[in-house]
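Chemist: Here it is, the structure, as structure tokens.
The values are calculated or read from the model by the stated rules, or taken from the named source; none is laboratory data. Computed from a predicted structure; not experimentally measured. We place every Cβ from the backbone using ideal geometry, glycine too, and count neighbours over all the protein chains shown. All accessible areas refer to the heavy atoms of the entire protein, side chains included, with ligands and DNA or RNA removed. Shrake-Rupley method; radii C 1.70, N 1.55, O 1.52, S 1.80 Å.
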Amino acid sequence: MASSVDLRRCQILGLAGTAVLALGGETAGALPVRDVLSPASAAAALGLVGVYFGVVLLIAAWALLGRLVRGPQPPTPRTLLLVLAVWAAPLLLAPPLFSRDVYSYLAQGAMVDARIDVYTHGPSALGGPLADEVAPLWQHTAAPYGPVFLAVASALSGVTRGELPAGLMGMRLLALLGVALMAAALPRLARHSGADPAAALWLGALNPLVLLHLVAGAHNDAMMLGLLGVGLVAALGRRPVLGTVLVTLAALVKAPAVLGLAAVVLLRTRAGRRPVPAVLTTAGAAAATTVAATAVAGTGYGWTAALDTPVSPHNWALTSLLGRATAALLDRLGSDLAPLAVPVWHVLGLALTAAALLFIWVRLRSRPVYALGLSLAAVAAFGPAIRPWYALWGLFLIAAAAPTTSVRHRVAAVTGLLALAVLPSGGPADLGQLLLAVSGGALAVVVLWQAHQAAQAPVMGRTA
């Protein structure tokens, strides 16, 4: 087993990180509108510094834990789950961080509860305090989520009766349940794929993006990934119908999980089922689940148009960036084609995604879990919209099935960068806020370096 002293240091360092960033979020997070402070205020500035100080401490603790996982006496999966619980604890009582999406979830749940069509109207149709919390950009935007999530959000709305603190806590607990399902699935998926369960848990569950965006941000991606993970585990355990049902439920939270049905089919064929019957029975179970879930939710089939939800004009997805750059160039040249640049790049992104998926599934059909992880990563990378937590779609399964340590190292490096990519308020950054964020991170680096030097001093003294 890993050194208890080193493991304890990782636990304490990560706990300090999440505690400081949770405390900083009290003034710099995605607060209810009545509590939002001016970014120029001293309290908001100090909170922003604190959040990034805490994020860097968390990343450092995670990196150090990774060294233990790769060491000669790695911690057990059970020990890693305890570390995850310790690190996540301060975030349970923190305000929403890094995004205001959770307020949209609550408003949409209240709309379903009030029998307002969420696939036709935005939260502005609800009106009242909950709708006021939704970011202006999404006030008039229809829900992009499936009936399973909206049914859960509606049930939560009925239980909390529109009370904001109770609703926020309910959404965070739902996200925590999703993370728990992810953590339960990872070791089993890793063993099936011939990977180290401890390494899979480290990359796929203790990942800073999981803590910052699924727990602190309370994103419904946690529910999607949790259902997807346990669905694949069921399919591995020779329960393909149950696996199909769970994967379909995941897709009815957020659409990208529908790719998991391809993995279920391949797992069935690897277990000896002929391809055509495997496809037909999987499709039949998925269709029946979809009809039943949609009927129970009572939201209708408007979710089939969810992929047409508008994209933020400032989105930094690759195809959106290229589209805006092309539009600016055409504008300077005086071309009338400038307005077409972004839509054309989005179409090219979809074509590139389709080509990538075809290549992945043909080359890796013998490794369906890994193929699914790479496919979801491609969907996130080449889609018209991206957020840091979208990286978790593919990362979760890549963590379970990556064939080499070098793949995990590259994914971990990307994770470290994405963990620093969003302000705790979830809003756009100005120069002053960027400087404060960099200052908080730099201060954490200085503190870590000083602590490292202090820890080395007694060793050097004994050597001398």
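Chemist: Roughly how big is the chain's charge dipole about its Cα centre, with Cβ charges of +1 (Lys, Arg) and -1 (Asp, Glu), in debye to the nearest 20?
Modeler: Numbers: 28 positive and 15 negative charges, 411 e Å.
The dipole magnitude comes to about 1980 debye.
Chemist: Assign one of three labels to the stretch 365-464, namely rounded, prolate or oblate, based on the Cα gyration tensor with a ≥ b ≥ c the square roots of its eigenvalues; rounded applies when a/c is under 1.5, prolate when it is not and a/b is larger than b/c, and oblate otherwise.
Modeler: Working: a/c = 4.97, a/b = 1.38, b/c = 3.60.
Note, shape of the stretch 365-464 comes out oblate.
Chemist: Right, next: Kindly rank 94-100, 200-206 from highest to lowest mean number of other beta carbons found within 10 Å of each residue.
Modeler: Values: 94-100: 24.1, 200-206: 28.0.
The most tightly packed comes first, giving 200-206, 94-100.
Chemist: Ok, one more. Express in Å², to the nearest 10, the accessible area of residue 430 obtained by rolling a 1.4 Å probe over the protein heavy atoms while all chains stay in place.
Modeler: 80
Chemist: Something else: Using only C-alpha positions, report the orientation-averaged shadow area of the convex hull of the stretch 159-199, nm², one decimal.
Modeler: Working: hull surface 14.1 nm².
If you wrap the Cα atoms of the stretch 159-199 in a convex hull and average its projections, you get 3.5 nm².
Chemist: Per residue, how big is the convex hull around the C-alpha atoms of the stretch 1-149? Give it to me in cubic angstrom, could you? Mind dumping the intermediate values first?
Modeler: On the way: hull volume 19.7 nm³, N = 149.
Given the Cα convex hull of the stretch 1-149, per-residue volume reads 133 Å³.
Chemist: Is the C-alpha gyration tensor of the stretch 352-413 telling us rounded, prolate or oblate? Criteria: a/c under 1.5 is rounded; beyond that, a/b larger than b/c is prolate, otherwise oblate.
Modeler: Values: a/c = 2.03, a/b = 1.04, b/c = 1.94.
Oblate, since a/c reaches 1.5 and b/c is not below a/b.
Chemist: Right, another one. Please work out how much length the chain gains when fully extended from residue 155 to residue 321, using 0.36 nm per residue of separation minus the C-alpha to C-alpha distance, in nm with one decimal. Before the final figure, lay out each step's value.
Modeler: Working: separation 166, 0.36 × 166 = 59.76 nm, distance 3.84 nm.
Using 0.36 nm per residue and subtracting the Cα-Cα distance, I get 55.9 nm.
Chemist: Something else: Once you have the Cα-Cα distance between residue 6 and residue 173, take 0.36 nm times their residue separation minus that, and quote the gain in nm to one decimal. Walk me through the intermediate numbers first.
Modeler: Working: separation 167, 0.36 × 167 = 60.12 nm, distance 3.02 nm.
Difference between extended and current length: 57.1 nm.
Chemist: Highest first, please rank the peptides 173-185, 348-360 by the mean number of other Cβ atoms sitting within 10 Å of their residues. Let's see the in-between values first.
Modeler: Values: 173-185: 20.7, 348-360: 15.3.
Taking the mean over residues of other Cβ atoms within 10 Å, the ranking is 173-185, 348-360.
Chemist: How much solvent-accessible surface does residue 405 expose, in Å² to the nearest 10, with a 1.4 Å probe and all protein chains in place?
Modeler: Estimated to the nearest 10 Å², residue 405 gives 80 Å².
Chemist: Sticking with this structure for a sec: If the viscosity is 0.692 mPa s and the temperature 37 °C, what translational diffusion coefficient in µm²/s does Stokes-Einstein give for the stretch 124-186 when Rh comes from Kirkwood over Cα pairs?
Modeler: On the way: Rh = 13.3 Å.
In µm²/s, the coefficient rounds to 247.
Chemist: Can I ask one more? Could you work out the equivalent-ellipsoid semi-axes for the stretch 213-298, taking the square root of 5 times each eigenvalue of the Cα gyration tensor, largest first, in whole Å? List each step's numbers first, then the result.
Modeler: Numbers: eigenvalues 110, 47, 16 Å².
That gives 23, 15, 9 Å for the three semi-axes.
Chemist: Could you please state how large a percent of the accessible area of the chain is carbon and sulfur, counting protein chains only and using a 1.4 Å probe? The partial results should precede the final answer.
Modeler: Numbers: 14110 of 20630 Å².
That share works out to 68 percent.
Chemist: While we're here: Could you state the orientation-averaged shadow area of the convex hull built on the Cα atoms of the stretch 167-226, in nm² to one decimal? Display every interim value, and only then the final one.
Modeler: On the way: hull surface 14.2 nm².
If I average the Cα hull's projected area over directions, I get 3.5 nm².
Chemist: When a/c reaches 1.5 or more, the comparison of a/b and b/c decides; with that in mind, is the stretch 252-291 rounded, prolate or oblate per its Cα gyration tensor? Don't jump to the answer; show the numbers that get you there.
Modeler: Details: a/c = 3.49, a/b = 1.62, b/c = 2.16.
Judged from the Cα gyration tensor, the stretch 252-291 comes out oblate (a/c at least 1.5, b/c at or above a/b).
Chemist: Note down the magnitude of the dipole of the stretch 146-280 about its Cα centre, charges +1 on Lys and Arg C-beta and -1 on Asp and Glu C-beta and zero elsewhere, to the nearest 20 debye. Before the final figure, lay out the partial values.
Modeler: Numbers: 11 positive and 3 negative charges, 124 e Å.
For this selection, approximately 600 debye.
Chemist: Next question, about the same structure. Just order 190-197, 25-32 by mean Cβ neighbour count inside 10 Å, highest at the front, would you? Please report the intermediate quantities before stating the final value.
Modeler: On the way: 190-197: 18.5, 25-32: 23.6.
The most tightly packed comes first, giving 25-32, 190-197.
Chemist: Would you work out the charge dipole size for the stretch 204-363 about its Cα centre, treating the Cβ of every Lys and Arg as +1 and the Cβ of every Asp and Glu as -1, and quote it to the nearest 20 debye?
Modeler: Numbers: 10 positive and 4 negative charges, 166 e Å.
Value, rounded to 20: 800 debye.
Chemist: At q = 0.19 Å⁻¹, work out log10 I(q)/I(0) for the stretch 128-236 with the Debye formula, treating every Cα as an identical point scatterer and leaving solvent out; two decimals please.
Modeler: The Debye formula, applied to the Cα set alone, gives -1.00.
Chemist: Using the charge dipole of the chain (Lys, Arg: +1 at Cβ; Asp, Glu: -1 at Cβ; taken about the Cα centre), state which of 297, 345, 210 has its Cα farthest towards the positive end.
Modeler: 210
Chemist: Continuing with this model, one more query. First measure r as the distance between the Cβ atoms of residue 404 and residue 453, then evaluate 1/(1 + (r/R0)^6) with R0 = 41 Å and state the FRET efficiency to the nearest 0.05.
Modeler: Result of the calculation: an efficiency of 0.75.
Chemist: How much accessible area per residue does the chain have, in Å², with a 1.4 Å probe?
Modeler: For the chain, the per-residue accessible area is 44 Å².
Chemist: Provide, as a two-decimal number, the C-alpha radius of gyration of the stretch 155-303 over 2.2 N^0.38 Å, N being how many residues it has.
Modeler: Numbers: Rg = 16.6 Å, N = 149, 2.2 N^0.38 = 14.7 Å.
Computed over Cα atoms of the stretch 155-303, the ratio equals 1.12.
Chemist: In terms of solvent-accessible area of protein heavy atoms at a 1.4 angstrom probe, what is the ranking of 223, 111, highest value first? Write out the running numbers ahead of the final one.
Modeler: Working: 223 30, 111 0 Å².
Most to least solvent-accessible, the answer reads 223, 111.
Chemist: Under the Kirkwood approximation applied to all pairs of distinct alpha-carbon atoms, what is the hydrodynamic radius of the chain in Å?
Modeler: Working: mean 1/r = 0.0432 Å⁻¹.
It is 23.1 Å.
Chemist: Please list 320, 335, 366 in order of solvent-accessible area, largest first, computed with a 1.4 Å probe with all protein chains present. All intermediate terms of the calculation are to be shown ahead of the outcome.
Modeler: Values: 320 5, 335 35, 366 75 Å².
Ranking 320, 335, 366 by accessible area, largest first, yields 366, 335, 320.
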